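Trainee: Here's a structure for you.
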Ligand SMILES: [Zn+2]
């Protein structure tokens with residue numbers, strides 16, 4: 001252990017109320033930006049909403065004031081760099097500025113309970129009751145932040161943004177602390193699945209990029225699904241049904257037949273844990289022309305490959321059964337970041353060491369979905385996902401404990417410290 005750790009700066013922040021306060025007020029300030037993303041514009045406009053652009057500009061100013069070099073180019077990903085300070089290497093952190101649209105996400109009025117007393121939290125039309133949400137009771141005495149009940153809160157992922165910004169401000173105000181180059185990336189439109197469609201890879205030097213986009217305190221996610229989408233276009237032959245004998249080759253029926261050929265035991269409604277699935281997400285068409293779209297998910301790469309083969313075989317089968325033409329097009333969406341995290345064991349090791357030193361109990365979980373990080377994993381970058389402390393995300397009863405956010409901040413600072421050792 002070097003002298004750096006002996007200076008105890010990470011331990012210092014635990015008692016540094018000023019930073020807890022800064023983290024809390026920064027997060028509340030960010031919740032006021034109207035950054036709800038718009039699925040209908042995903043892939044067409046970037047960012048999909050003006051509020052995200054406004055938040056990027058505000059964050060750029062804030063980063064410049066902290067002494068960071070800022071880049072905001074055509075990728076529409078805001079990048080900040082805090083140059084290394086006597087330590088080699090580079091480490092990256094990422095969060096997204098947009099919020100979900102499952103419930104209203106704009107016009108957020110954050111409600112801060114300074115010292116939670118353990119009773120039900122009554123908001124406009126919504127009550128957050130510890131009887132149904134026992135995790136609340138872990139935070140009696142801590143600050144709790146909710147919305148006023150009319151919107152979501154936006155801890156997903158403005159808490160991630162606030163944690164990263166507070167870590168940067170801590171480092172830039174404590175110049176005596178040695179640290180490697182720290183790169184931060186704030187993405188738009190993560191909730192629409194297009195956040196990492198464009199990314200300034202050529203500016204990036206880090207081979208590890210932590211996303212701060214998880215949920216309950218202590219949860220670390222190092223694995224997600226391998227993901228692909230299959231779309232089968234079917235061409236049939238239409239005719240008047242009255243004289244259709246021997247003529248009609250029904251594309252719509254062929255598409256439905258593909259749907260029922262998929263194993264029911266591997267549907268989303270029949271699987272959980274490490275089991276992958278086939279999910280029919282749409283069937284459209286007529287006698288002449290039809291298409292079916294199937295979402296394929298598996299933690300295992302061979303598992304995903306076999307699902308792709310099954311779908312192709314189903315397309316061939318309906319060609320024979322219905323004398324139609326069925327063509328399957330497969331789009332690979334993202335990969336399980338687990339493989340890349342195993343190739344860069346230093347990424348998870350730094351989390352585990354930081355947690356141990358900070359006295360934070362962590363649990364490693366798998367995500368039945370993807371993250372922006374998973375897209376980076378395809379480029380050889382390890383991207384474990386770290387908790388923000390948020391609960392009931394994408395809902396009006398969303399809440400976050402200030403102590404949980406602060407724990408994530410300490411974990412992040414500890415990771416940066418670890419890289420300087
Ligand atoms: Zn998120």
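The values are calculated or read from the model by the stated rules, or taken from the named source; none is laboratory data. Just so you know, these numbers come straight off a predicted model, no measurement behind them. When we count neighbours, we look across all protein chains shown, and the Cβ atoms used for this are built from the backbone with ideal geometry, even at glycine.
Trainee: Can you name every residue in region 272-296 that is in contact with a helix residue (DSSP H, G or I) (Cβ under 9 Å, 6 or more places away or on another chain), in a strand (DSSP E or B) and without any contact (Cβ under 8 Å) to a residue 60 or more places away in the chain? Can you show your working first?
Mentor: Of the residues in region 272-296, the ones in contact with a helix residue (DSSP H, G or I) (Cβ under 9 Å, 6 or more places away or on another chain) are 275-280, 283-292, 294-296.
Going one step further and asking which of them are in a strand (DSSP E or B), we end up with 277-280, 283-285, 289-292, 294-296.
Hits for region 272-296 are 277, 278, 279, 280, 283, 284, 285, 289, 290.
Trainee: While we're here: Looking at region 320-348 only, could you name the residues that are under 23 Å from the mean Cα position of the chain (by Cα), exposed (fewer than 13 other Cβ atoms within 10 Å of the Cβ) and touching a residue at least 40 places away in the same chain (Cβ under 8 Å)?
Mentor: Correct list: 331 only.
Trainee: Does residue 193 count as on the phi > 0 side of the Ramachandran plot, within 16 Å of the ligand (Cβ to nearest atom), surrounded by fewer than 23 Cβ atoms within 10 Å (Cβ to Cβ) and under 18 Å from the mean Cα position of the chain (by Cα)? Lay out the reasoning, then the answer.
Mentor: Numbers: on the phi > 0 side of the Ramachandran plot: yes; within 16 Å of the ligand (Cβ to nearest atom): yes; surrounded by fewer than 23 Cβ atoms within 10 Å (Cβ to Cβ): yes; under 18 Å from the mean Cα position of the chain (by Cα): yes.
So residue 193 fits the description; yes.
Trainee: Additional query: Name the single residue that is modelled with the lowest pLDDT among those in region 216-227 being buried (at least 21 other Cβ atoms within 10 Å of the Cβ) and part of a loop (DSSP other than H, G, I, E, B).
Mentor: 225
Trainee: Just to confirm my filter: which helices (runs of 4 or more DSSP H) fall fully inside region 8-124 and include at least 2 residues that are within 16 Å of the ligand (Cβ to nearest atom) and either buried (at least 16 other Cβ atoms within 10 Å of the Cβ) or without any contact (Cβ under 8 Å) to a residue 40 or more places away in the chain (or both)?
Mentor: Details: elements: 9-14, 17-31, 50-65.
So the answer is 17-31, 50-65.
Trainee: Another question, if that's okay. In region 261-292, which residue that is surrounded by 15 or more Cβ atoms within 10 Å (Cβ to Cβ) and within 24 Å of the chain's Cα centre (by Cα) is nearest to residue 311 (Cα to Cα)?
Mentor: Looking at residues that are surrounded by 15 or more Cβ atoms within 10 Å (Cβ to Cβ) and within 24 Å of the chain's Cα centre (by Cα), I get 278.
Trainee: If I ask for residues that are out of contact with any strand residue (DSSP E or B) (no Cβ under 6 Å at 6 or more places or on another chain) and more than 13 Å from the ligand (Cβ to nearest atom), which ones from region 169-190 would you list? Talk me through it step by step, then tell me what you get.
Mentor: As a first pass, look at region 169-190 and keep what is out of contact with any strand residue (DSSP E or B) (no Cβ under 6 Å at 6 or more places or on another chain): 169-170, 172-177, 188-189.
Hits for region 169-190 are 169, 170, 172, 173, 174, 175, 176, 177.
Trainee: Under the condition of being assigned to a helix (DSSP H, G or I) and surrounded by fewer than 16 Cβ atoms within 10 Å (Cβ to Cβ), which residue from region 299-311 is farthest from the chain's Cα centre (by Cα)?
Mentor: Within region 299-311, the match that is farthest from the chain's Cα centre (by Cα) is 309.
Trainee: Among the residues of region 149-168, is there at least one that is away from the ligand (no atom under 16 Å from the Cβ), part of a strand (DSSP E or B) and over 28 Å from residue 375 (Cβ atoms)?
Mentor: There is no residue in region 149-168 that is away from the ligand (no atom under 16 Å from the Cβ), part of a strand (DSSP E or B) and over 28 Å from residue 375 (Cβ atoms).
Trainee: Do any residues in region 158-176 that are over 14 Å from residue 410 (Cα atoms) have Cβ atoms under 7 Å from those of residues that are more than 16 Å from the ligand (Cβ to nearest atom), where the two are at least six apart or on different chains, and which pairs are they?
Mentor: Final answer for the pair search is 172/66; 172/67; 172/82; 174/9; 175/85.
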